[in-house]
1. Could you give the size of the charge dipole of the stretch 228-277 about its Cα centre, using +1 on the Cβ of each K and R and -1 on the Cβ of each D and E, expressed in debye and rounded to the nearest 20?
2. Under a 5 Å amide H to amide H cut-off, with H placed in plane at 1.01 Å, what residues pair with VAL169 once short-range neighbours are removed?
3. With a/c under 1.5 counting as rounded, go ahead and sort the stretch 137-198 into rounded, prolate or oblate using the C-alpha gyration tensor (a ≥ b ≥ c being the square roots of the eigenvalues; past the cut-off, prolate if a/b is larger than b/c, else oblate).
4. Answer with one residue from GLY29, VAL63, LEU48: the one whose Cα lies farthest towards the positive end of the charge dipole of the stretch 13-83, charges on Cβ with Lys, Arg +1 and Asp, Glu -1.
5. Rounded to whole Hz and in sequence order, give me ³J(HN,Hα) for the stretch 149-156 from the Karplus expression 6.51 cos²θ - 1.76 cosθ + 1.60, θ = phi - 60°, writing x for Gly and Pro.
6. Quick check for you: with a 1.4 Å probe and neighbouring chains kept, what is the accessible area per residue of the stretch 173-284, in Å²?
7. Once a ≥ b ≥ c are taken as the square roots of the eigenvalues of the Cα gyration tensor of the stretch 176-235, is the result rounded (a/c under 1.5), prolate (a/b larger than b/c) or oblate (a/b not larger than b/c)?
8. Using a 1.4 Å probe, what is the accessible area per residue for the stretch 1-122, in Å²?
Amino acid sequence: MTDTQIRLPDGSCDCHFHIYGPFERFPAGSEGRFTPARPFTIEDTFALWDRIGVTRGVIVHAVGAGEDNAVTFDALRRFPDRLRATAILRPDVSDRRLDELTDAGFKAVRVTMIRQDGKPVSTLGTSFDDLVELAPRLAERGWHAQIWIESSDLAAAAEGLERLPLTYVIDHMCRTMADKGHRHPDYVAFTERLKTGRYWVKISGADRNTRTGRPYRDTAPFMQAIVEAAPDQVVWGSDWPHVGHTDESRPNIQDLLRLFWDCVPDEAVRRKILVENPTRLYGF
């Protein structure tokens with residue numbers, strides 16, 4: 001791949017990004033190292049999309065942005081044709097509020113089960129125990145659960161997850177650090193789960209899974225293993241605006257796109273991941 005700027009095909013969907021602010025209307029809470037340094041609004045997102053060719057997207061409500069999901073709800077109401085979203089919920093959310101969120105375009109609950117190198121990365125957001133309580137009502141409304149989890153923890157949690165009446169979308173290529181190796185039994189088990197049709201995965205977060213830094217080539221085998229296993233169960237996300245990075249480590253979107261292009265050279269498969277699969281998963 002040359003240094004030519006990549007532009008995505010018509011109808012492409014960014015299935016994982018966050019918005020923050022404007023802070024005078026939607027104050028940002030603390031997310032530890034993931035706390036945004038400045039507002040990143042839906043209009044800022046659209047400016048990025050215009051540069052790379054994205055048409056539609058799925059807001060992943062930031063865990064520090066409040067359990068009222070207000071900033072995300074506002075964006076959905078203003079741009080219903082372009083946006084869907086993932087919510088932060090607690091079990092005491094009312095049926096009326098769940099219906100409001102569903103009608104606005106929320107499609108999933110965001111569940112935090114993430115550890116890296118054996119240590120919790122974040123304890124904010126909806127927990128597995130919360131999900132157990134919420135699952136019947138979410139299933140009635142056609143929602144799925146988006147899970148932030150590492151592959152070995154998924155292997156341990158899968159039996160409990162699969163007892164619930166939900167399908168699952170796994171964040172950031174199952175958030176497995178690259179030096180673990182894509183042939184690790186737990187990562188192989190994850191890719192096998194994709195073949196059942198009950199699990200989906202987001203190709204995103206190469207900058208978070210890398211041990212070697214940009215251009216993140218050490219994450220390529222994981223991406224390739226996902227696409228080889230179940231191309232019908234894969235979507236792509238930018239993870240914009242890449243909170244938690246320093247100015248030096250923050251990724252360039254073209255680096256992420258170039259990695260995706262190299263790992264998915266077949267144009268028809270790329271279109272499936274960027275356009276067709278998101279349409280099916282999120283109901284655009």
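The values are calculated or read from the model by the stated rules, or taken from the named source; none is laboratory data. From a predicted model like this one, the values you see are computed outputs, not experimental measurements. Positions of Cβ are generated from backbone atoms using ideal geometry, with glycine treated the same way; all protein chains shown enter the neighbour counts. To get the accessible areas, we keep the full protein, side chains included, count just its heavy atoms, and leave off ligands, DNA and RNA. Shrake-Rupley method; radii C 1.70, N 1.55, O 1.52, S 1.80 Å.
1. Numbers: 5 positive and 10 negative charges, 25 e Å.
Magnitude of the dipole: close to 120 debye.
2. Amide H to amide H, under 5 Å and 5 or more residues apart or across chains, VAL169 pairs with ALA145, GLN146, ILE147, TRP200.
3. Numbers: a/c = 2.39, a/b = 2.07, b/c = 1.15.
Note, shape of the stretch 137-198 comes out prolate.
4. Ranked along the dipole, the leading option is LEU48.
5. With the stated coefficients, the stretch 149-156 comes to 7, 8, 4, 5, 5, 5, 4, 6 Hz.
6. Numbers: 4430 Å² over 112 residues.
Result: 40 Å² of accessible area for each residue.
7. Working: a/c = 2.46, a/b = 1.64, b/c = 1.50.
Here the stretch 176-235 falls in the prolate category.
8. On the way: 5550 Å² over 122 residues.
Heavy-atom SASA per residue in the stretch 1-122 reads 46 Å².
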